[in-house]
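Here's the structure, in structure tokens; my notes come after.
The values are calculated or read from the model by the stated rules, or taken from the named source; none is laboratory data. Keep in mind it's a predicted model, so treat the numbers as computed, not measured. As a convention, Cβ positions derive from the backbone with ideal geometry for all residues, glycine included, and neighbour counts pool all protein chains shown. Quick note on the areas: whole protein, heavy atoms, side chains included, nothing else; ligands and nucleic acids left out. Shrake-Rupley method; radii C 1.70, N 1.55, O 1.52, S 1.80 Å.
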Amino acid sequence: MKNLVLIGLPGCGKTTIGKRLSTELGLSFVDCDAEIEKLAGKTIPEIFAEDGEEAFRKWESEVLAEILQTPGRVVSTGGGIVLKEKNRVALRRATVVFLDRALVKIMSTCNLAGRPLMQSCTLEELAGKRRQFYLDCADYIVSAESIEEITAEIVGYWREGTCAF
């Protein structure tokens, strides 16, 4: 059994949907960002401020590799997980779902102000840099808008057996 990994822009609902999926599918849930904070002993904004983005990306790669060692989990990643080639290669061992929510919906439902990268660029700029990586990594793309619809679509995909989780 593979892991079910959620990717997408900041604020698209990876953690919220991941928790719901783990309950619906009876799988454990792991949040990459929470694991990074636990191992680093500081918050992600603190890592960015004190150590820089590259240090954060290093933590991110290490945590992803470790998480993917144990199969059968729902995994929520950070929005930039796809930026490093080694992470994109590692994701091939999992079933990857891209939560492709509209930018306007993300901006209207999520406060992105405290997120480190939002201090230096816009969500539109992040989307422009990352979209092709998300598409290249995805085994399945969900573009529904509500948390309930997204969760139901992924659960349906699972239960139809069209996906090798």
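Quick notes on this one:
- The residue pairs whose first member lies in region 21-46 and is farther than 12 Å from V63 by Cβ, whose second member is in a helix (DSSP H, G or I) and hydroxyl-bearing (S, T, Y), and whose beta carbons are closer than 7 Å, counting only pairs six or more residues apart or on different chains, are L21/T151; E24/T151; S28/S22; F29/S22.
- Test: residue in region 85-99 that is at pLDDT 80 or above and under 23 Å from K42 (Cα atoms): yes
- Residues of region 69-91 satisfying the condition of being over 21 Å from G128 (Cα atoms), surrounded by fewer than 20 Cβ atoms within 10 Å (Cβ to Cβ) and within 14 Å of the chain's Cα centre (by Cα): A90
- Residue satisfying condition, being open to solvent by 50 Å² or more (accessible area, probe 1.4 Å), of a type outside the set (G, A, S) and closer than 24 Å to K129 by Cβ, within set E54, E24: E54
- Among all residues of region 105-125, there is none that is at pLDDT 95 or above, closer than 22 Å to K19 by Cβ and either in a helix (DSSP H, G or I) or open to solvent by 70 Å² or more (accessible area, probe 1.4 Å) (or both).
- Helices (runs of 4 or more DSSP H) enclosed by region 1-62 - at least 2 residues per element that are in contact with a strand residue (DSSP E or B) (Cβ under 6 Å, 6 or more places away or on another chain): 14-25
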